[in-house]
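Chemist: Pasting in a structure now, in structure tokens, and then I'll have a few things to ask.
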Amino acid sequence: MKLPYFLLFLSAFCLGQSPEYPKDYFRSPLDIPLFASGSFAELRGNHFHSGLDFKTQQKEGLPVYAAADGFVSRIKISEKGYGKAIYITHPNGFTSVYGHLKKFDGPIADFIRKRQYAQKSYEIEIFPLAGELSVKKGQIIAFSGNTGSSGGAHLHFEIRDTKTEDIINPMFFGFDMLMPDTKMPNINDLVVYAVGDSAVVNNSQRPIPLNLSLQPNGSYLADKVLAKGAIGFGINVYDLSDKNFNWNGIYKVETFLNGSKFYDYEFDRFSFDETRYINNFIDFYRYKTINQTVQKLFYKKVYPFAPVSHNKKNGQITVLPDMVYNYRIEISDFHKNKRIINIPIQYSGANAAIAREQKKTPYFLKSANDNNYTKDNVSVFIPAGSFYEDFYMDFDVKDNVLFLHNETVPVHNNLTVTFDVTDIPNLNREKTFISRMDGNTSEYFTTSKKGNLFSIRTKDLGKFKLMTDTIAPKIYRPSFTEGADLEKRDSISVRINDDLSGIKEYNGYINGKWILMDYDFKTKSLTHYFSDAIYEEGKNELKVVVSDKMGNSTIFETHFFKTKTQPPVEKTN
């Protein structure tokens, strides 16, 4: 008797094995050859990439197809993130996701447009019920685009466990067969670290890049490491696939010490709750200072990131006297193409000629404890677990400006920053917020105001100050001249911008009726499509109202015509 699929899945999970995912259940969401511009769990800013990015031939508007039968269970349209996105729940226990879409198709488009007009909002999130928007495998649901935080035209595609919402590597579902790959991963950098307090590596306590020499068999041999104490390694790597020149992330890493498995991880699945652990997974200091992404093959403190948490050892090698070690790193892509690095390690009792960088301050932060810092009119509360490691915190307040360390230390959980404005004269409280400064650029934070206490929650370090915004947003560069006849045009647009607190709300009206205007934050444009049929024959009055987050508003008004060209009247004799 055959077990139902979900029982096979459960039994495999309970046994600690990778479940047998269906290989032919899902079809490609595109009808073109698939090439990935982004791989699953690829290392991104503050997160692991949660799906596959499919190239769309450097253009928008390609049909996007439902990967399998199911129903649309979620629709989200936002300025950033996935932009215009559709979620389809399938009867086999998985959900497929399609992001950065240009527009939707058919009944889905009609359903969304009605909701947007009902809510009078471009940004919406809807959770249709089963049966409201059913789809068939291969049905066109949308068209590819570049909306949200996309850096170029492509389709973002995910497969999730419907129940847990964990993201699963789509390659398990047969997509590996659609993207041939015979190329080995490539190595940019190998770095060795003196991890322990008294550890030394090649006469240094600071991270040391190692030279690599390519061997005839395709493996690499590193320079010999002379060390003592606890050390670890990190790699900066990328993967290529056939007929594709994008530098994508790798799938799997295994390390071996003297022939025995030592430390490993592979990117099969993870949860969104885990994604910020990327900042502990990589050498965050190196990333912030020299823009090099090195993934560490060790950790200092245990942290609950599923791909590494199964390891019984922390990846650190304790180098002892009179010992020689052979350390091997195997780096693989999903197609089992493998690159190997061999590293000889030998004990050396030499002391460090280069000491580790460490600035001691009066504020030693223990990451396992709650921490409070207060000076003058500013306080900072740091809950336990907000940082991955203990360190000396830079903390100071000068002229109502908070200096809270710097960006080279990653933050995992929100900190609370509070300014007491009691003694600040002539403060415009309604228009004032707490800002983080990046050079001369200010970053707005939603500011809670309770009496004289102004507070924010943040996962960033740096310089914070109070800023006042009394300047209204700008509305500029309309796509037509006032009074123009737009009969042959399918849309109108304006640009909007706000330099301080940022855009909060935008509304457009034609002849007093609210109109839907798509907002693209990358081009700062609001666009209305005449296909919504709000305009009238003849003269139309357009009004656009834009407000920032401090309540400053701007109104733009103009008019245009939509007149049909009349056929010429035939003359009669």
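Chemist: Test each condition in (1) in a strand (DSSP E or B); (2) on the phi > 0 side of the Ramachandran plot for residue 514 and report the one that comes out false.
Modeler: (2)
Chemist: Are there any pairs with C-beta distances below 9 angstrom linking a residue in region 198-227 that is without any contact (Cβ under 8 Å) to a residue 12 or more places away in the chain to a residue that is in a loop (DSSP other than H, G, I, E, B), with the two at least 6 apart or on different chains, and if so which?
Modeler: Listed pairs, sorted by first residue: 213/223.
Chemist: Tell me the residue from 145, 151 that is without any contact (Cβ under 8 Å) to a residue 12 or more places away in the chain and either surrounded by fewer than 22 Cβ atoms within 10 Å (Cβ to Cβ) or in the same structural domain as residue 78 (by TED's automatic domain parsing) (or both), please. Full working, then the answer.
Modeler: Details: 145 fails: without any contact (Cβ under 8 Å) to a residue 12 or more places away in the chain.
On inspection, the qualifying residue turns out to be 151.
Chemist: Now, a different point. Of all the residues that make up region 23-57, how many are without any contact (Cβ under 8 Å) to a residue 40 or more places away in the chain and either outside any loop (DSSP other than H, G, I, E, B) or under 15 Å from the mean Cα position of the chain (by Cα) (or both)?
Modeler: 1
Chemist: For region 465-488, what are the residues that are in a loop (DSSP other than H, G, I, E, B) and without any contact (Cβ under 8 Å) to a residue 60 or more places away in the chain?
Modeler: Here is the first cut: in region 465-488, the ones in a loop (DSSP other than H, G, I, E, B) are 469-473, 477-484, 486-488.
Selection gives 477, 479, 481, 488.
Chemist: Is it fair to say residue 506 is surrounded by 12 or more Cβ atoms within 10 Å (Cβ to Cβ) and within 26 Å of the chain's Cα centre (by Cα)?
Modeler: Working: surrounded by 12 or more Cβ atoms within 10 Å (Cβ to Cβ): yes; within 26 Å of the chain's Cα centre (by Cα): yes.
Here the answer is yes, as residue 506 does meet what is asked.
Chemist: Let me ask another. Got a number for residues in region 278-318 being among the basic types (Lys, Arg) and surrounded by 15 or more Cβ atoms within 10 Å (Cβ to Cβ)?
Modeler: 4
Chemist: Right, another one. Of the residues 158, 165, which single one is on the phi > 0 side of the Ramachandran plot and either assigned to a loop (DSSP other than H, G, I, E, B) or touching a residue at least 60 places away in the same chain (Cβ under 8 Å) (or both)? Working first, answer last.
Modeler: Details: 158 fails: on the phi > 0 side of the Ramachandran plot.
One residue alone meets the criteria, 165.
Chemist: Just to check your reading of the model, which residue among 378, 302 is among the β-branched types (Val, Ile, Thr) and in the same structural domain as residue 405 (by TED's automatic domain parsing)? Before the answer, list the steps.
Modeler: On the way: 302 fails: in the same structural domain as residue 405 (by TED's automatic domain parsing).
From the options 378, 302, the qualifying one is 378.
Chemist: Sticking with this one: Please specify each residue of region 58-97 satisfying the condition of being over 23 Å from residue 518 (Cα atoms), polar (S, T, N, Q) and assigned to a strand (DSSP E or B).
Modeler: Those that are over 23 Å from residue 518 (Cα atoms), polar (S, T, N, Q) and assigned to a strand (DSSP E or B): 89, 95, 96.
Chemist: Tell me which of these residue 192 doesn't satisfy, since it passes every other one: (1) touching a residue at least 40 places away in the same chain (Cβ under 8 Å); (2) assigned by TED's automatic domain parsing to the domain that holds residue 42; (3) touching a Pro at 6+ places or on another chain (Cβ under 8 Å).
Modeler: Evaluating residue 192 over (1) touching a residue at least 40 places away in the same chain (Cβ under 8 Å); (2) assigned by TED's automatic domain parsing to the domain that holds residue 42; (3) touching a Pro at 6+ places or on another chain (Cβ under 8 Å) leaves (2) as the failure.
Chemist: Can you run down the residue pairs with Cβ atoms below 8 Å, 6 or more apart or on separate chains, where the first is in region 353-381 and more than 17 Å from residue 410 (Cα to Cα) and the partner is of a type in the set (A, V, I, L, M, F, W, C) and in a loop (DSSP other than H, G, I, E, B)?
Modeler: Filtered contacts from region 353-381: 377/421; 377/424.
Chemist: I've got another one for you. Do you know which residues across region 223-263 are of a type in the set (Phe, Trp, Tyr) and either modelled with pLDDT of 95 or more or crowded, with 21+ Cβ neighbours inside 10 Å (or both)? Let's see the steps before the verdict.
Modeler: Here is the first cut: in region 223-263, the residues of a type in the set (Phe, Trp, Tyr) are 233, 238, 245, 247, 251, 256, 262-263.
Scanning region 223-263 gives 233, 238, 247, 251, 256, 262, 263.
Chemist: Among the numbered criteria (1) under 30 Å from residue 533 (Cβ atoms); (2) out of contact with any His (no Cβ under 9 Å at 6 or more places or on another chain); (3) in a strand (DSSP E or B), which single criterion is violated by residue 187?
Modeler: In the conditions (1) under 30 Å from residue 533 (Cβ atoms); (2) out of contact with any His (no Cβ under 9 Å at 6 or more places or on another chain); (3) in a strand (DSSP E or B), residue 187 misses (1) alone.
Chemist: Consider only pairs whose beta carbons are under 7 Å apart and that are at least six residues apart or on different chains; among these, list those whose first residue lies in region 548-559 and is assigned to a strand (DSSP E or B) and whose second residue is at pLDDT below 95.
Modeler: Correct list of pairs: empty, since none qualify.
Chemist: Follow-up. Please find, within region 527-547, the residue that is surrounded by the most Cβ atoms within 10 Å (Cβ to Cβ) out of those that are part of a strand (DSSP E or B) and in contact (Cβ under 8 Å) with a residue 60 or more places away in the chain.
Modeler: Just the residues of region 527-547 that are part of a strand (DSSP E or B), to begin with: 527-529, 538-547.
In the following step, the residues that additionally are in contact (Cβ under 8 Å) with a residue 60 or more places away in the chain were identified as 544, 546-547.
Working: 544: 22, 546: 24, 547: 18.
Step by step, filter region 527-547, then rank; the result is 546.
Chemist: Taking region 79-134, which residues are out of contact with any Phe, Trp or Tyr (no Cβ under 9 Å at 6 or more places or on another chain) and among the polar types (S, T, N, Q)?
Modeler: Once the filter is applied, which keeps residues that are out of contact with any Phe, Trp or Tyr (no Cβ under 9 Å at 6 or more places or on another chain) and among the polar types (S, T, N, Q), region 79-134 yields 119, 121.
Chemist: For region 280-309, which residues satisfy the criterion of being out of contact with any Asp or Glu (no Cβ under 6 Å at 6 or more places or on another chain) and either under 15 Å from residue 42 (Cβ atoms) or among the β-branched types (Val, Ile, Thr) (or both)?
Modeler: Matches in region 280-309: 281, 282, 287, 289, 290, 293, 295, 302, 307, 308.
Chemist: If you check 176, 161, 181, 166, which single one turns out to be at pLDDT 95 or above, surrounded by fewer than 22 Cβ atoms within 10 Å (Cβ to Cβ) and under 22 Å from residue 45 (Cβ atoms)? Write out each step before concluding.
Modeler: Working: 176 fails: under 22 Å from residue 45 (Cβ atoms); 161 fails: under 22 Å from residue 45 (Cβ atoms); 181 fails: under 22 Å from residue 45 (Cβ atoms).
Just a single option satisfies the conditions, and that option is 166.
Chemist: Moving on. I'm trying to understand the selection: among the residues of region 326-355, which are assigned to a loop (DSSP other than H, G, I, E, B) and crowded, with 16+ Cβ neighbours inside 10 Å? Let's see the steps before the verdict.
Modeler: We begin by selecting, within region 326-355, every residue assigned to a loop (DSSP other than H, G, I, E, B); these are 333-337, 348-353, 355.
Of everything in region 326-355, those that are assigned to a loop (DSSP other than H, G, I, E, B) and crowded, with 16+ Cβ neighbours inside 10 Å turn out to be 333, 334, 335, 337, 348, 352.
Chemist: Confirm whether residue 519 is part of a strand (DSSP E or B) and either under 23 Å from residue 150 (Cβ atoms) or in the same structural domain as residue 377 (by TED's automatic domain parsing) (or both).
Modeler: So residue 519 passes the test.
Chemist: How many residues does region 422-446 contain that are closer than 19 Å to residue 403 by Cβ, touching a residue at least 40 places away in the same chain (Cβ under 8 Å) and surrounded by fewer than 17 Cβ atoms within 10 Å (Cβ to Cβ)?
Modeler: Total satisfying the criteria: 1.
Chemist: Continuing with the same structure: I'd like to check something: does region 57-74 contain any residue that is polar (S, T, N, Q), closer than 21 Å to residue 507 by Cα and in contact with a strand residue (DSSP E or B) (Cβ under 8 Å, 6 or more places away or on another chain)?
Modeler: No; the residues of region 57-74 include none that is polar (S, T, N, Q), closer than 21 Å to residue 507 by Cα and in contact with a strand residue (DSSP E or B) (Cβ under 8 Å, 6 or more places away or on another chain).
The values are calculated or read from the model by the stated rules, or taken from the named source; none is laboratory data. Fair warning: this is a prediction, and the values are worked out from it, not measured in the lab. All Cβ positions, glycine included, derive from the backbone under ideal geometry; neighbour counts span all protein chains shown.
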